[in-house]
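Notes for the one structure printed next.
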Amino acid sequence: MLVNLKETLKGIKEKKCAVAGFNVFGYEDASAVIKAAEALKAPVILMTNKVAVAHMPIEYYGLLFTAMAKDAKVPVCIHLDHATDIDLVKRAIDSGFTSVMYDGSQLSIEENIKNTKKVIALAHPLNVSVEAEIGAVGYSGVEGYKEVYTEPEEAKHFAEATGVDALAVAIGTLHRMETQGAKIQFDRLKAIQGVTDVPLVIHGSTGITDEDLSKLTNYHVAKVNIGTALRMMFGKTLREEILNNPNEFDRIPLFKKPMIKVEEEAKKKMQLLGF
Ligand code: G3H
Ligand code: ZN
């Protein structure tokens, strides 16, 4: 069932769950994630990012992922992750994406609000949800990217000024961590949820320990973004398969085990998030 982000997150706070948003790059990982979600009867978000759309046009992702979502037995949202370019947002909306994230985290708050409102004006009339970011979640090993923890008052002001459907906040995570070493600032999270009712989103969640992932469901965290954990699982298993089967040159048999491992990993993360 294809749904937008607002519908995906409806009632999630009361259930004490958070919906996983997984970065996926093609049929193999997307179908593994949907299988995991169906096994747990959990809603799920398939996220396309800039790396993916540099490889394959966003229009093709729109066709593939919306078809898969429509066939799924659980609610599936098709989301454009970290868009900084409004033209890409327009292409995503035209391609059937049901949700977009406008990432103005590197801009001043005024510019971020102005651009987020522009995206909302494009998206909402077409029933497409919008996520934005206040503060800035950095990238492990990347220098020169502004990293700023979210100030509760700024989050409140941003949510009220824009009317955004979900808000990404920086509370101690970093994107692309290969180990679970993030130190989550639960006090900051509590202070943010104390001043706004907007559903909160945590990025860079591969770096969060299993224990802290489960703890997030006690707060108003509605969406938890996970990318690197699945990429590592797919890549590592594929490498093993290639080395263990030196005469195999067809990709489909080589993809089998990585798909199973991605499904298992996605399932584990969703269980930690309360499903
Ligand atoms: O937007 C994507 C996520 O924040 C994924 O982060 O790759 O560190 O899990 P991650
Ligand atoms: Zn992110």
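Values quoted throughout were computed directly from the atomic coordinates according to the rules given, and no laboratory measurement underlies them. Keep in mind that this is a model prediction, so the values were computed, not measured. Quick reminder, even Gly has a Cβ in these numbers, built from the backbone with ideal geometry, and neighbours come from all protein chains shown.
In region 15-64, what trypsin sites (Lys or Arg not before Pro) fall in a loop by DSSP, with at most 16 other Cβ atoms inside 10 Å?
K16, K41
Using the C-alpha gyration tensor of region 197-259, what are the square roots of 5 times its eigenvalues, in whole angstrom, with the largest one first?
Semi-axes from the Cα gyration tensor: 36, 11, 8 Å.
Ranked highest first by the average count of other Cβ atoms within 10 Å around their residues, in what order do 203-210, 236-243, 268-275, 70-77 fall?
Highest to lowest by the protection proxy: 203-210, 268-275, 70-77, 236-243.
Go through K118/K236; K10/K268; K50/K73; K6/K190; K15/K183 and tell me which ones have a Cα-Cα distance over 32 Å in this structure.
The pairs that break the limit, which is 32 Å between Cα atoms, are K118/K236.
Take the Cα pairs of region 16-89, get the Kirkwood Rh, then feed it into Stokes-Einstein at 37 °C and 0.692 mPa s and tell me D in µm²/s.
261
Expressed as an acute angle from 0 to 90° and rounded to the nearest 10, what is the orientation of the C-alpha long axis of helix 152-162 relative to the principal long axis of the chain?
90
Taking other Cβ within 10 Å of each residue's Cβ, how do D94, D81, D29 sort, fewest first?
The fewest-first ordering by Cβ neighbours comes to D94, D29, D81.
Report the convex hull volume per residue for region 39-190, counting only C-alpha atoms, in Å³.
141
Treating the angle as unsigned and between 0 and 90°, give the value, to the nearest 10°, between the Cα long axis of helix 251-272 and the longest Cα principal axis of the chain.
40
Which of the residue pairs K223/K269; K35/K70; K16/K117 have a Cα-Cα distance greater than 18 Å in the structure shown?
Distance filter (> 18 Å) returns K16/K117.
With axes computed from alpha carbons, what is the tilt in degrees of helix 109-123 against the longest principal axis of the chain, rounded to the nearest 10 within 0 to 90?
Rounded to the nearest ten degrees, it is 60.
As an exercise, find the ratio Rg/Rh for region 82-164 from alpha-carbon atoms, using the Kirkwood inverse-distance average for Rh.
0.98
Rounded to the nearest 5, what is the percent of antiparallel bridges among the DSSP beta bridges in the chain?
The antiparallel fraction comes to roughly 5 percent.
When the scattering of the chain is computed by the Debye formula from its Cα atoms alone, each counted once and equally, what is log10 I(q)/I(0) at q = 0.12 Å⁻¹?
-0.68
Write down the percent of antiparallel bridges among all DSSP beta bridges whose residues are both part of region 52-169, to the nearest 5.
10
Distance from the Cα centre of region 131-186 to that of region 195-273, in angstrom?
20
Could you pull out the trypsin sites (Lys or Arg not before Pro) across region 98-169 that fall in loop regions by DSSP (anything but H, G, I, E, B) with no more than 14 other Cβ atoms inside 10 Å?
When the trypsin sites (Lys or Arg not before Pro) of region 98-169 are filtered for loop state and at most 14 Cβ neighbours within 10 Å, K146 remain.
If you project the alpha carbons of region 1-127 onto their three principal axes, what span does each projection cover, largest first, in Å?
Taking the Cα atoms of region 1-127, the three principal extents are 43, 37, 25 Å.
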